[in-house]
Amino acid sequence: DNEAGRYKESYSKLRNWVHSSLDLYKTELLRILYPVFVHCYMELVAKGFAQEAREFFQSFRDDHQPQHIRDLQKLEGVITPQHLQENETACTLQENKVHVKMCQYSFELLLQYLQSTESMLMLGIVNSHINLKAVLPGQPAALVDDDESSSLPAKVQAVVEATNQKEIHWGILEGSLEDKFEKQIAAELEKADADKDAETDEAKKRAADGKVKRVKRDKAGKGLKAEPAARSVPRLKPELTMPLLTDDFERQALDDLRNRVKLGSTALPSVSCYTFVNTNNSLNCASISADGAYLAGGFSDSAIKLWDMVKMGEPSMYSDAGKQSLNKRPTSIRHYIRLVGHAGPVYGVDFSPEGDSLLSASGDCTIRLWSTRLNANLACYKGHNYPVWDVQYSPVGHYFASASYDRTARVWSMDRLQPLRIMAGHLSDVDCVQWHVNCNYIATGSSDKTVRLWDVQTGECVRIFTGHRSMIVSIAMSPDGLFMASGDEDGAIMMWDLASSRCVTPLLGHTGCVWSLAFSGEGSILASGSADNTVRLWDVNGSSKVTADKTRRLRLLKTLPTKSTPIYTLRFSRRNLLFVAGAFSPSKGH
């Protein structure tokens, strides 16, 4: 007689039972509440109980709001059976079973509850719409992977699992600057060892009895310096033809690597923060060159502004400040160059490794190449059909990748106006793109809440990373090529093992959108910049270690707050100085 009321009563009892369970099992049991909740709601709508469905939805939506806010917003407008057939989210939920992972013991507890309380309504929903996967015998694992708790439709899960079985090759690029630097160091150590052995042999021949102990001590001390400290990372040959670097740039880069500061939990980086003021909320993006010499900003009025940081302290090129009288101010204090060419807002800018060129992505569906020396537009690349959100140079330059609203990412070379590869597969627009350090892969983040890894040579998707609750807006690759970090709109950061496609650890702490991520030169620190006006430094080495209780713990090393400046971009220089840029956004009343 009270069919509509039975849904609310049965779900409320199940919810209370889950929340009163032991903490050991509660984490796994909580996973079934959201799919049961939405299917109860949709069944009420399908049976014509619109008012009861609305009351049920409002009664329990707060439980699921933090993790599923966007899906709930889409389902909130479903109030008639016809809406169920037209709403994309509702159709996906009805057509696909949801995978929920839990240990054998949690599964038996749930089954025992449903049978003992004769909750046939809940049991029917679980059987019809949830695929319970008992993956572990006995007790629940101490480590709960965040990506496992995000319930995926069965069809999508099958595609993800099949894709993540593909063979891929990791390692850093053979012949890259890091590779050449390590070979130089190895050669110098080998030469030092040879000289040391020669000196020791000569000293032994001449040494008197009283000097033998001193020679042994010297030998032991020198031997410690020769021990290699870094782990060996495989070298891979590039699949793309690599451009040649100029001798001056290579010499300078190797000198920077030699003088790079070693960072860690006890040695945090120095930070240089560039703040844009008086932008009137028109700044969309920013980029800093690798040596910090240039700063570029992309604006809503289709212009790009380029600052030469070396000239910032000098008199403006537009004024003759030295000839001004004491009573007159300089006619202009502008130190930037305005680059005009786009016909729409500029959403992405990126400097080449050498800093001599700049790429920009725009709402006019084009990508433009600019010279920082000539301050002129060199080329315009057309191929995307919709606005381009992001553009990134490869680690060696010459090649670049773009991400667009048309749900594709594309790989280009500077000497061709048409793309070399088109990566299609995301279910929504591609918001950010990042190259792997060996240039053989690119990673893309999308509004479909997934990160995909693509083979540059074949254009094939080789990895799909699931677990984020909102659109991905930033990606960073570790220098050794083994890990990737991704940041989303809700402020969550996930560290991924690229080989296994599993989340090593979620990094939680930001309260706003994570717009930028960057690894330090040796990969020991991850820096994140957010809309919550902070830069956070994370201990990468600590977060990838397993503690005594078999759980991976994140260690937040430091939070660097700004007064009122959301962080748009950040990057480490080759010497491990951290550059940060953002637009000053005063709160109301200031």
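The values are calculated or read from the model by the stated rules, or taken from the named source; none is laboratory data. Computed from a predicted structure; not experimentally measured. Cβ: placed from backbone, ideal geometry, glycine included. Neighbour counts: every protein chain shown. Surface areas here come from the heavy atoms of the whole protein model, side chains and all, with no ligands, DNA or RNA. Shrake-Rupley method; radii C 1.70, N 1.55, O 1.52, S 1.80 Å.
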Inset, instruction - Mind counting the residues in segment 572-590 that are at pLDDT 90 or above and closer than 18 Å to residue 510 by Cβ? - result: 5
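Mind listing just one residue for me: the one in segment 313-366 that is basic (Lys, Arg) and at pLDDT 50 or above and, of those, farthest from residue 243 (Cα to Cα)?
Just the residues of segment 313-366 that are basic (Lys, Arg), to begin with: 323, 328-329, 334, 338.
Then keep just the ones that are at pLDDT 50 or above; that gives 334, 338.
Working: 334: 36, 338: 29 Å.
Residue satisfying both the conditions and the ranking: 334.
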Inset, instruction - Could you run through segment 262-293 and say how many residues are closer than 18 Å to residue 574 by Cα and more than 24 Å from the chain's Cα centre (by Cα)? - result: 1
Legend entry - Tally of residues being open to solvent by 50 Å² or more (accessible area, probe 1.4 Å) and within 24 Å of residue 470 (Cα to Cα) across segment 38-58: 1
Inset, instruction - Quick one: which strands (runs of 3 or more DSSP E) lie wholly within segment 346-461 and hold at least 1 residues that are touching a Pro at 6+ places or on another chain (Cβ under 7 Å)? - result: 346-351, 357-362, 388-393, 399-404, 408-413, 430-435
Inset, instruction - Would you check which residues across segment 461-499 are more than 15 Å from residue 526 (Cβ to Cβ) and without any contact (Cβ under 8 Å) to a residue 24 or more places away in the chain and list them? - result: 490
Legend entry - One residue from 569, 511, 562, 547 being surrounded by fewer than 19 Cβ atoms within 10 Å (Cβ to Cβ), of a type outside the set (A, V, I, L, M) and at pLDDT 90 or above: 562
Legend entry - segment 66-91: number of residues that are surrounded by 15 or more Cβ atoms within 10 Å (Cβ to Cβ) and within 16 Å of residue 128 (Cα to Cα): 1
Legend entry - Criterion violated by residue 284 - all others in (1) open to solvent by 20 Å² or more (accessible area, probe 1.4 Å); (2) in contact with a Gly (Cβ under 9 Å, 6 or more places away or on another chain); (3) not in a strand (DSSP E or B) satisfied: (3)
Inset, instruction - Could you please find all residues in segment 394-406 being open to solvent by 10 Å² or more (accessible area, probe 1.4 Å) and under 18 Å from the mean Cα position of the chain (by Cα)? - result: 395
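Give the number of residues within segment 421-471 that are among the hydroxyl-bearing types (Ser, Thr, Tyr) and open to solvent by less than 10 Å² (accessible area, probe 1.4 Å). If you could, list the steps in order and put the result at the bottom.
At the first step, the residues of segment 421-471 found to be among the hydroxyl-bearing types (Ser, Thr, Tyr) are 428, 441, 444, 446-447, 450, 458, 466, 470.
Filter again for open to solvent by less than 10 Å² (accessible area, probe 1.4 Å), leaving 441, 444, 446, 470.
Result for segment 421-471: 4.
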Inset, instruction - Kindly state which helices (runs of 4 or more DSSP H) lie completely within segment 10-104 and contain at least 2 residues that are under 22 Å from residue 127 (Cα atoms) and polar (S, T, N, Q). - result: 88-95
Legend entry - The listed residue being at pLDDT below 85 and among the polar types (S, T, N, Q), out of 51, 65, 58, 82: 65
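Regarding segment 375-387, can at least one residue be identified that is under 17 Å from residue 308 (Cβ atoms) and of a type outside the set (A, V, I, L, M, F, W, C)? Outline the logic, then answer.
Step one: of segment 375-387, the residues under 17 Å from residue 308 (Cβ atoms) are 375-376.
Remaining after also requiring of a type outside the set (A, V, I, L, M, F, W, C): 375.
Yes, because at least one residue in segment 375-387 is under 17 Å from residue 308 (Cβ atoms) and of a type outside the set (A, V, I, L, M, F, W, C).
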Inset, instruction - Would you be able to say whether some residue in segment 10-31 is open to solvent by 70 Å² or more (accessible area, probe 1.4 Å), among the charged types (D, E, K, R) and at pLDDT 90 or above? - result: yes
Inset, instruction - Determine which single condition residue 466 fails, assuming it passes every other condition in (1) out of contact with any Pro (no Cβ under 8 Å at 6 or more places or on another chain); (2) within 23 Å of residue 395 (Cβ to Cβ); (3) not basic (Lys, Arg). - result: (2)
